[in-house]
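Peer 1: Right, I'll just put the structure down here and ask away after.
Read-outs throughout are calculated quantities, based only on the coordinates presented, and are distinct from any laboratory measurement. No experiment lies behind these values; they were computed from the predicted model shown. Here the Cβ positions follow ideal geometry from the backbone for every residue, glycine too, while neighbour counts run over all protein chains shown.
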Amino acid sequence: MRKIYLMMCLLAMSVAPSMAQRYLEEIFTDVEVTTDVTYGVNATVLYFQILEEAVPEELKMDIYQPAGDTETSRPVILYFHSGNFLPYPLNGGTGGTRTDSSVVEICSRFARMGYVVASCDYRLGWNPFATTQPERAYSLINAAYRGVQDCRTAVRYMRRSIAEMNNPYGIDGSKVAVWGQGTGGYIAFASATLDSWAEDIAALPKFNWD
């Protein structure tokens with residue numbers, strides 16, 4: 001009996017460290033990526049100067065998962081790239097897409113730690129060439145709010161995938177984190193702090209243009 005108890009203790013000790021390291025260290029070798037997943041549709045102003053109207057745009061994400069993982073209730077990270085709310089290379093940066101090398105690296109690392117990570121597109125478009133500073137600020141602030149709308153659409157899509165799609169990504173809908181790089185960080189912070197349209201948006205003059 002003592003030998004059996006000792007063997008069980010040794011087995012528990014050998015298993016416990018590997019269980020504790022999940023989500024803290026990379027414990028998977030390979031990553032599976034599902035590309036071009038449509039998580040929503042909304043109107044974009046990116047082509048307004050040409051078309052003179054907002055047109056529908058499909059919102060896409062790439063979903064990273066640890067290959068060979070059997071866990072079905074994993075936390076999910078929604079990752080938003082940088083880019084100044086303008087398309088690359090017009091944004092003047094070295095990137096600005098959901099497939100930037102830095103984005104792929106970060107998403108892959110977290111997937112190897114056991115997370116599900118979605119690299120999300122969001123609607124672009126503002127007018128940096130407007131003649132006055134208030135006009136430029138107005139269009140930029142509203143671009144950020146469209147990013148918040150798209151972020152929350154991505155959250156809803158993930159939770160809907162559990163309720164209506166038999167949880168294809170093996171996630172826990174109560175464990176959704178939002179993270180971003182540069183401009184994507186603005187989206188993440190704003191998504192965490194804006195609660196009420198009436199109080200946080202409509203009541204503030206900077207969101208309205210007479």
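Peer 1: Each label point is 7 Å from the Cα along the Cα-to-Cβ direction; what then is the distance between the points at M165 and A198, in nm?
Peer 2: 3.4
Peer 1: Charges on Cβ only, +1 for Lys and Arg, -1 for Asp and Glu, centred on the Cα centroid of the chain; of P66, N208, Q133, which one is farthest towards the dipole's positive end?
Peer 2: P66
Peer 1: For Y39, which sequence-distant residues (separation of 5 or more, or a different chain) have an amide H within less than 5 Å of its own amide H, given hydrogens modelled in the peptide plane?
Peer 2: Distant-sequence amide H within range of Y39: L59, K60, M61.
Peer 1: Once the Cα gyration tensor of the range 99-210 is diagonalised, what are the square roots of 5 times its eigenvalues, in whole Å and ordered largest first, as equivalent ellipsoid semi-axes?
Peer 2: Computed over the range 99-210, the values are 31, 18, 11 Å.
Peer 1: Using mean Cβ contacts within 10 Å as the protection proxy, how do 127-133, 181-187 order, highest first? Please list the in-between numbers first.
Peer 2: Details: 127-133: 10.7, 181-187: 20.1.
For the peptides 127-133, 181-187, the packing ranking is 181-187, 127-133.
Peer 1: About the Cα centre, and with charges only on the beta carbon of Lys, Arg (+1) and Asp, Glu (-1), how big is the dipole of the chain? Nearest 20 debye, please.
Peer 2: 800
Peer 1: Please state, rounded to one decimal and in Å, the Kirkwood hydrodynamic radius that the chain gives when every pair of distinct Cα atoms enters the mean of 1/r.
Peer 2: Details: mean 1/r = 0.0524 Å⁻¹.
Mean inverse Cα-Cα distance, inverted, gives 19.1 Å.
Peer 1: Filter the chain for me: DSSP H helices, axial length by Cα at least 27 angstrom, mean Kyte-Doolittle hydropathy not below -1.0. List them by residue number.
Peer 2: 2-21, 133-164
Peer 1: Next question, about the same structure. When DSSP assigns beta bridges and you keep just the ones with both residues in the chain, what percent turn out antiparallel, to the nearest 5?
Peer 2: Bridges in the chain are about 60 percent antiparallel.
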